[in-house]
Amino acid sequence: MKTPLTIPKREQEQSCPLSFNQKRLWFVHQLEPDRPTYHINRVLRLHGPINIEALWRSFTSILERHEALRTHFVTNKHGVPFQMIQSASKFELPLIDLSASATERSEAKLKSLIKNRAAKPFDLSADLMLRATLFRLDEQVHVLQIIFHHIASDGWSMGVFDQELRHLYEVYLKGRPHTLPKLTTQYADFSEWELKWLTPERTGKLLHYWMENLAGAPPLLKLPTDRPRPPVCSYRGANHSFEISKTFTTVIKRVGRENSSTLFMTLLSAYNALLFRYSHQEDLVIGFPIANRNLRELDNLIGFFANTLALRTDLSGQPSFSELLSRVRAVTIDAYENQNMPFEKLVEELQPKRSLSHSPIFQVMFVLQNAPDSELELPNLRHQPEPNEAEMAQFDLTLSMTETAGGLAGLWHYSSDLFDDTTIKRMSAHFRILLEAMVALPDTPITELPILTNSERDQLLFERNQTQSNYPNTSCIHTLFEEQVEQTPDAIAVIFKDSEISYYELNQLANNLANHLISLGVRSEVNVGICLGRSIEMIVGLLGILKAGGVYIPLDPLNPTERLAFMLEDTQVQILLTERRLEERFSTCSTQNIYLDTFFSGSEDQIELENPDSSTKADQLAYVMYTSGSTGKPKGVSVPHRGVVRLVRNTNYITISRNDIFLQMAPNAFDAATFEIWGALLNGARTVIIDKDTALSPIVFVRKLKEHRVTTLFLTTA
């Protein structure tokens, strides 16, 4: 029930202090005067004969009735802002004629003009807080754009404006005077009354409640986003709408009544559950606006009355929907009992750590519209709402619900800085599924309720678990390489600096080395160490070991000598492939060293052309690679041929062809090198080896990518 009339007429007609709401928006405007964050932009396409004179008179009459729309915000000599109400309003309704252009051109021009006009800043010290433009597409089609500044209006005000414009346009069409009742109270009266009503005693009690309620609340809701949060929020936003049928709306209301809760509490509980399932945060703060029109004389006023409350909900302890609804109900009732604390004053008192990247206290909102009917309809005209492409998002995410004759209309309003449209559509589907499950199974813990669509569930349970692949699971690494040699012997296999080698040449060098290793006793699953810098010889060494049937133990030349000695001893390596410059590193090891930088310098008749006979099986070891030793002692990980072949042949995560060019940048003792080397050589592709200095220089690195036309990279996060 509305409180009886209590707001007295102010003594000073022309000026008065700003309300708490106005102070915040005025301050934001001083910081960012060109940003249209608080513009309320409405666009309507009108079909039929329009009377521009009657429309202009209607706007003018509304400005005359509501002082808030013709208020200027100026400062005194001390820099303190105050309201200055203009006694007369000179309203302009420009008509922009686009009818001479072709349809496509006129629509494109219209779209551009609407966007530009929505972004045009208000001068709070000189402009009316309402402006409008009429665009003519032809004699029977017009588009009306109406823009308010939020400092003079709110959601409830839109309903008041629409009702009055509808009435005024209709009577002016007929040449009659309007019959709207005279307004006995103006917004400035409320501003002055609000300052006097909030006595220190009242403020103290309200502040105590909110300070206690929000103590220790998390400053940020960390939802998974499509992009990192920018350091400065742009406020760019977009919308996604959805509907809930009348039948299901009836069910939602029934479950709410059974739990002594309103529709607002029921929907807010579902929203809490959704955010919890997405963020895994048990302590959630959600903002919601209230009309703040507890006094009867405010119902028909245009102005910025709306207040914002912060609802903090505890979702710990695996609550069921019924339990969560009970918690939300208690929190909501308490908040309503303490709703008269202006949010702007609360933020001022709480002094949360401010950030330009997000709003303080909460970043998500929930709205259940209960404002007057805000469907603008003018007599003799057919109306068609236009998509608003100039949307601004004051919060990360806002869910607005409106009860209609057909059920519930929902609207997600989201920050384009953070979310893609596809993400919000998926979230909307999850909300619907979770809401259906909650009302059907109110005693089930919300963590156990379904949230995925059927297609998502099938994808997770079945499609992504189809790990079987038709890959050559009986083949070894070196035999698959030899098949590529047969198919494309002249194709370039490896490039390093100014040198390149074909598949045929690489195979010949590897055969030569393999036969030498066999003569030294290397056979299936005999460990052979390989410690070489980035080079073509390193690739030859790996292939030669595998062709001989051996298991390669990759060693990074940059590792400490003690670590290298430990790995050689741990794997009982007798033969080591290395290079002369590293000879001293292994002087204390009892290995037979083969120096590949000089091994191939003999005459060509030493090269054995035939591939060695190999009895190695696919399930036998290909290599042993050691971990970084984060636990204090490195551990060798044994990998069979089949594991490598499964990684790079007939893959379901990447398509590799002979036209691909791989970048080989990882040390051979790092597991990424497995993909870089064998991903290329077992598919007939090319691998480009880069030196360490190139890998560490972003500028040179990018230049090499372009120079070699690299198509495939394996990059760690760093």
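The values are calculated or read from the model by the stated rules, or taken from the named source; none is laboratory data. Given the structure is predicted, the values throughout are model-derived calculations rather than measurements. With ideal geometry, Cβ positions are generated from the backbone for all residues, glycine too; neighbour counts draw on all protein chains shown. Ligands, DNA and RNA are stripped out before the accessible areas are found, and what is left, the full protein with its side chains, is counted by its heavy atoms. Shrake-Rupley method; radii C 1.70, N 1.55, O 1.52, S 1.80 Å.
General remarks:
- Across the accessible surface of segment 30-119, with the other protein chains kept in place and a 1.4 Å probe, carbon and sulfur atoms take up 50 percent.
- For a straight C-alpha distance cut-off of 19 angstrom, the lysines reachable from Lys9 (same-chain residues fewer than eight places away being disregarded) are Lys182, Lys196.
- Inter-centroid distance (Cα atoms) of segment 381-418 relative to segment 542-606, Å: 67
- The Cα center of segment 647-718 and the Cα center of segment 65-83 differ in position by 65 Å.
- Taken about its Cα centre, the chain carries a charge dipole of about 2320 debye when Lys and Arg each add +1 at the Cβ and Asp and Glu each add -1 at the Cβ.
- Within the chain, percent of DSSP bridges classed antiparallel, to nearest 5: 70
- Mean Cβ neighbour count within 10 Å, used as a protection proxy, ranking 471-477, 611-617 highest first: 471-477, 611-617
- On Cα atoms only, tilt of 200-214 relative to the major axis of the chain in degrees: 20
- Two-site label geometry, Leu713 and Arg202: point separation in nm, points 7 Å out along Cα→Cβ: 6.2
- Taking segment 29-70 and a reference point 7 angstrom along Cα→Cβ of Arg236, the backbone N atoms nearer than 17 Å belong to 35-38.
- Bridges between two residues of segment 283-424, per DSSP, are antiparallel at a rate of about 70%.
- Normalised convex hull volume, segment 147-258, alpha-carbon set, Å³ per residue: 317
- Backbone HN-Hα couplings from phi across segment 255-268 [Karplus 6.51/-1.76/1.60, Hz, Gly and Pro as x]: 4, x, 4, 5, 10, 6, 10, 7, 4, 4, 5, 5, 5, 5
- Cβ crowding within 10 Å averaged over residues, with 502-511, 76-85 ranked highest first: 502-511, 76-85
- The Rg/Rh ratio for segment 402-557 is 1.34, where Rg is the radius of gyration of the alpha carbons and Rh is the Kirkwood radius.
- Surface exposure of the chain, expressed per residue as accessible area with a 1.4 Å probe, stands at 48 Å².
- Phi to ³J(HN,Hα) by Karplus 6.51 cos²θ - 1.76 cosθ + 1.60 over segment 611-619, Hz, x for Gly, Pro: 5, x, 5, 10, 9, 5, 9, 5, 8
- Taking the inverse of the mean reciprocal distance over all distinct Cα pairs, the Kirkwood hydrodynamic radius of segment 635-718 comes to 13.5 Å.
- Amide H contacts for Val141 (H built 1.01 Å from N in the peptide plane; partners 5 or more residues away or on another chain; cut-off under 5 Å): Gly48.
- Relative contact order for segment 1-110, counting Cα pairs under 8 Å that sit 6 or more residues apart, in percent: 29
- Selection among Ile85, Ser58, Ser106 by position relative to the dipole of segment 54-113 gives Ile85 as farthest towards the positive end (Cβ unit charges, Cα centre).
- Partners of Lys120 within straight-line reach, counting lysines whose Cα lies under 26 Å from its Cα and excluding those fewer than 8 residues away in the same chain: Lys23, Lys90, Lys109, Lys111.
- Interchain or long-range residues, amide H under 5 Å from Ala622's placed H: Val639, His641
- Reported label for calculated Rg/Rh (Cα atoms, Kirkwood Rh) given [x] 1.06; [y] 1.15; [z] 0.99: [y]
- Taking the C-alpha atoms only, the angle from helix 672-681 to the longest principal axis of the chain is near 70 degrees.
- In segment 404-462, the portion of solvent-accessible area held by carbon and sulfur atoms comes to 58 percent [1.4 Å probe, whole percent, DNA, RNA and ligands not counted].
- Summing Cβ point charges (Lys, Arg +1; Asp, Glu -1) relative to the Cα centre of segment 228-316 gives a dipole of roughly 200 debye.
- Fully extending the segment from Asp127 to Ser638, taken as 0.36 nm per residue of separation minus the present Cα-Cα distance, adds 176.4 nm.
- Charge dipole magnitude, Cβ of K and R +1, D and E -1 - segment 518-581, Cα centre, debye nearest 20: 240
- Taking the accessible area of segment 231-295, probe 1.4 Å, and keeping the other protein chains in place, the carbon and sulfur fraction comes to 52%.
- Look at the alpha carbon pairs under 8 Å that are at least 6 residues apart: their mean separation over the length of the chain gives a relative contact order of 12 percent.
- Listed by chain and number, the aspartates and glutamates whose alpha-carbon sits under 20 Å from that of Lys353, ignoring those within fewer than 8 places in the same chain, are Glu32, Glu212, Asp283, Glu344, Asp396.
- 11 Å beta-carbon shell around Leu214, net charge (K/R +1, D/E -1): -2
- Ordering of 435-445, 150-160 by burial proxy (mean other Cβ atoms within 10 Å per residue, highest first): 150-160, 435-445
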